[in-house]
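**Q** Sharing a structure here in structure tokens format.
The values are calculated or read from the model by the stated rules, or taken from the named source; none is laboratory data. Keep in mind it's a predicted model, so treat the numbers as computed, not measured. Cβ atoms come from the backbone with ideal geometry, glycine included; neighbour counts cover every protein chain shown. Surface areas here come from the heavy atoms of the whole protein model, side chains and all, with no ligands, DNA or RNA. Shrake-Rupley method; radii C 1.70, N 1.55, O 1.52, S 1.80 Å.
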Amino acid sequence: MALPSGLAHETILIMDYKIALGVIAVTIGFIAYIPYFRDIFNGKTKPHVFSWFVWSVSAGIAFSAQIVKGAGPGAWVTGFTAIVCASIAIAAFFRGEKNITKIDWISFISALFGVVFWQLTSNPFTAVILVTIADILAFIPTIRKAYKKPLEETASTYSLNALKYAVSLMALQSLNSTTFLYPAYLVLANGLFVIMLFVRRKTTATA
């Protein structure tokens, strides 16, 4: 049965609005990583290889789960981020920090377990919970390194990452726990990381 013309028009406007926000989120993400790649190849930023590798896996799983649960344009930035994180992980292998600890292995295994569990149970929300936990664990080596060497991370990238995920939340076509959890966590995580960077830069400069 066809929708009434007024309702159909309103639906189209909402979709256009969501698509525009999805494009904006991806554009912010693209801009965010330009200085990060520049700083990597200039030797200023030294990303932790395990953090970025696990983030690429977790973002890929979260993207798939969001698509399954109808996230629509709100998921685009997550898929884009998965590709970029994988690229940074490759760059980090050659030009980044490679001090790998037990907690790094735990985060990696957790991310893989998220893939396996999803395949076994067909439960995307559980997979998102697992990869969010893995993502948090994967942040630990980067936080540890940045705490000691706060100048070896590009603060603007993390600031824009918080912004892109905030925009992506508004672009979600279907708002539910599966589509919302991962980007909401990343808004908070990136924001807190930037605060930590600036505090550490200030304290180390005055030490």
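**Q** Which residue out of 80, 63 is out of contact with any Lys or Arg (no Cβ under 8 Å at 6 or more places or on another chain), buried (at least 20 other Cβ atoms within 10 Å of the Cβ) and modelled with pLDDT of 95 or more?
**A** That would be 80, the only listed residue that is out of contact with any Lys or Arg (no Cβ under 8 Å at 6 or more places or on another chain), buried (at least 20 other Cβ atoms within 10 Å of the Cβ) and modelled with pLDDT of 95 or more.
**Q** In this structure, is residue 83 within 20 Å of residue 23 (Cβ to Cβ), out of contact with any Cys (no Cβ under 7 Å at 6 or more places or on another chain) and free of Cβ contacts under 8 Å to residues at least 60 places away in the same chain?
**A** yes
**Q** Looking at this structure, is residue 134 closer than 27 Å to residue 74 by Cα and surrounded by 18 or more Cβ atoms within 10 Å (Cβ to Cβ)?
**A** yes
**Q** Keeping to region 37-55, report how many residues are out of contact with any Pro (no Cβ under 8 Å at 6 or more places or on another chain), more than 11 Å from residue 90 (Cα to Cα) and at pLDDT 85 or above.
**A** 10
**Q** Restrict the check to region 162-171 and report whether at least one residue is open to solvent by 20 Å² or more (accessible area, probe 1.4 Å) and farther than 22 Å from residue 196 by Cα.
**A** Within region 162-171, one or more residues are open to solvent by 20 Å² or more (accessible area, probe 1.4 Å) and farther than 22 Å from residue 196 by Cα.
**Q** In region 23-57, which residue that is closer than 13 Å to residue 83 by Cβ and under 11 Å from the mean Cα position of the chain (by Cα) is surrounded by the most Cβ atoms within 10 Å (Cβ to Cβ)?
**A** The residue in question is 55.
**Q** With the structure loaded, tell me whether residue 74 is closer than 15 Å to residue 172 by Cβ, modelled with pLDDT of 80 or more and surrounded by fewer than 21 Cβ atoms within 10 Å (Cβ to Cβ) or whether it fails that test.
**A** no
**Q** Within region 68-99, take every residue that is within 23 Å of residue 124 (Cα to Cα) and assigned to a loop (DSSP other than H, G, I, E, B) and give me the one that is nearest to the chain's Cα centre (by Cα).
**A** 71
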